[in-house]
Amino acid sequence: MLAADPGASIASIATEAGVDRRTVYRRFASREELLAAIYESRVTAIEEAIQDARLREAPVTVALHRYVENIITVNRTWPVDLTRMLAHDTVRNRRDACVEEVDTFLQRATHEGLLRPDLPHGWANALLPQLMHLVSRQLPELSAAQAADVVVDTLLRGLGAS
């Protein structure tokens, strides 16, 4: 609800959740505290997605697909405004650590020949989140695994016909 309307009131959030507004206020003293909890939950889910993908140990193609599938699930479960989320220092620092972990993995993918070495440094790490975000929003009819297939294929083979 907050992804669709960042200004949604606590009363409307409570109604959507099927609880009384007072129930929400017992758990969260303010709207900002509620948002902070949502952002913390999203970054925790991202950390778990990375851990589950085993980016350092699993074969690169397996880890890539598992990571993408996991993050698509996170994007669909926690569709938040990333600009607002990253305004929280603790969340931003944890997310930055996740970005570094993925960047290290993508460097491994390049060294192992899965990604082209002639691309600008960081290009794959900039493109991959955009592809995952796009498929999460534009292809909701696909399962997370099917959506991951689209993202991985696009990342590895591009859009060219040759």
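The values are calculated or read from the model by the stated rules, or taken from the named source; none is laboratory data. Please read these numbers as outputs of a predicted model, since none were measured by experiment. Methodologically, a virtual Cβ is constructed for each residue, glycine included, from the backbone with ideal geometry; neighbour enumeration extends over all protein chains shown. The accessibility values were calculated without ligands, DNA or RNA, using every heavy atom of the protein model including side chains. Shrake-Rupley method; radii C 1.70, N 1.55, O 1.52, S 1.80 Å.
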Pairs under 6 Å by beta carbon, first residue within 19 Å of residue 50 (Cα to Cα) in the stretch 102-123, partner open to solvent by 30 Å² or more (accessible area, probe 1.4 Å) and part of a loop (DSSP other than H, G, I, E, B), six or more apart or different chains? 110/117
Those residues of the stretch 11-63 which are in contact (Cβ under 8 Å) with a residue 12 or more places away in the chain, open to solvent by 80 Å² or more (accessible area, probe 1.4 Å) and assigned to a loop (DSSP other than H, G, I, E, B), in sequence order: 54, 56
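Conditions tested, residue by residue: (1) on the phi > 0 side of the Ramachandran plot; (2) open to solvent by 80 Å² or more (accessible area, probe 1.4 Å); (3) among the polar types (S, T, N, Q); (4) out of contact with any helix residue (DSSP H, G or I) (no Cβ under 8 Å at 6 or more places or on another chain).
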position	(1), (2), (3), (4)
70	no, no, yes, no
93	no, yes, yes, yes
105	no, no, no, no
116	no, yes, no, no
148	no, no, no, no
152	no, no, no, no
Tally the residues that are hydrophobic (A, V, I, L, M, F, W, C), touching a residue at least 40 places away in the same chain (Cβ under 8 Å) and assigned to a helix (DSSP H, G or I), restricting the search to the stretch 64-96. 6
